[in-house]
Amino acid sequence: MSQSRQSTIFGKRKEPHTVIIARGDQIRHFTVRPWIAAAVGSALAAVAVGYLLATSYLVLRDDLIGATVARQARMQQAYEDRISALRSQVDRITSRQLLDQQMMEEKVGELISRQQELAERQAKIGPLLDGTDGLKSLSEDAVPTPLPRPDVRAGLDITKSPTIASLFPDLRPGDQNLSAADNADRLFVTINQSLRSIETDQVERLKSMTEKAYRTAGAISDALEDAGLSVAKEYGTNSVGGPLVPLDRTMQFDAIVDELDEALTTLDAVKSKARQLPISNPAPGKQVSSGFGVRKDPLLGTPALHAGMDFRATTGSSVRSSGAGTVISAGWNGGYGRMVEIDHGNGLTTRYAHMSKILVAVGDKLEPGDVVGRVGTTGRSTGPHLHYEVRRDGKPLNPLKFIKAGKAIAGLI
């Protein structure tokens with residue numbers, strides 16, 4: 001029987017397990033098949049593993065959730081920090097643009113102010129130069145004038161600033177990569193330097209013109225004083241004083257303009273005075289035949305005083321006034337023949353004698369170079385010529401000194 005239960009294919013056959021349960025008089029038994037045992041074991045193992053996993057999940061869930069929340073919080077914080085950094089950067093850029101805008105507004109205001117100051121300066125200088133002829137000898141030092149004021153506010157928007165190449169063509173190529181704000185800043189610097197150069201040049205030219213005006217007036221005065229004439233205006237250099245008042249730029253320029261005005265006024269006064277003096281040649285281009293002083297009388301042959309100068313000229317040649325004045329005599333005067341006498345003020349008079357014809361009348365106002373008559377040989381004369389005298393308070397003076405003085409300052413008046 002035991003042999004019949006042996007498996008010939010798989011070897012020794014295992015008998016199934018039998019479970020017997022006895023309770024009092026009752027006995028129960030059941031057979032446990034191998035596959036049932038395996039299934040039950042597997043189920044128990046699965047339950048155990050599930051229990052362990054559930055327990056582990058429950059234990060680790062809080063940690064996992066906390067880690068996830070913490071990671072999300074860190075990501076949110078990083079995101080918020082990034083947003084905050086970007087906002088700060090935008091604020092800085094905006095603030096920089098506002099500062100650049102404000103800076104350019106201030107610089108534009110300064111440029112406009114300086115341009116207005118230059119315009120005001122020109123308004124002060126213009127009438128001074130236009131209203132006087134004292135600059136004829138100083139024309140090579142014309143005062144520079146500023147260009148018309150540009151609309152500098154049109155370039156305030158730094159995002160629409162002109163290119164650096166158009167504003168600064170002389171810059172190196174590497175400098176053309178500057179920002180619009182830097183371009184505008186360099187433009188302001190260039191304009192500012194140009195305005196400062198004009199201001200400096202104006203002041204230097206005005207000072208030079210003032211010095212030349214005084215020097216010209218001094219040269220005229222010195223030449224006339226050498227001829228015995230004094231036209232210089234006296235200026236007090238002593239007994240001066242007063243509180244010290246510091247000068248700002250505007251006051252300094254006003255002082256320079258006032259000084260130039262005074263110098264030109266002085267020069268005009270000296271020139272006006274010089275034009276009244278008998279310093280011109282009454283017979284320009286004519287040869288002097290007899291000078292001032294003691295000579296042999298042409299008619300008697302004895303020594304006599306010649307109170308003037310004789311100019312050899314053909315009959316009918318023009319006789320011109322040697323200075324501005326008023327005719328006080330015009331007619332026949334003994335040995336002078338036909339004679340004209342002109343009063344030049346300050347006791348100075350001139351006489352033009354031996355004329356063939358008189359072209360002026362008593363009371364006429366004459367300017368230097370005006371024709372007073374024609375050369376002749378009337379009166380005590382040996383031939384056609386002009387007898388010319390210069391007198392001060394009736395006393396004869398050597399006319400040659402006056403003519404030399406006039407020749408020396410001819411280019412100054």
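The numbers here are math on the coordinates, done by the rules we state, and not lab data. This one's a predicted model, so the numbers in the text were calculated from it and none came from an experiment. Neighbour counts are summed over all protein chains in view; Cβ atoms, including those assigned to glycine, are modelled from backbone coordinates with ideal geometry.
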- Note on the structure: Computed from the beta carbon distance with a Förster radius of 56 Å, FRET efficiency for S272 and R96 to the nearest 0.05 stands at 0.30
- Put in order of increasing Cβ neighbours within 10 Å, starting from the fewest, K404, K395, K273 give K395, K404, K273
- Query: Convex hull over the Cα atoms of the range 287-408, averaged projected area in nm²?
  - Reply: 7.0
- Item | Percent RCO, i.e. relative contact order, over the range 287-408, from Cα pairs under 8 Å lying at least 6 residues apart | 28
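Students often get this wrong, so check it: of K296/K404; K207/K365; K271/K401, which have C-alpha atoms separated by over 30 Å?
K207/K365, as the Cα separations exceed 30 Å there.
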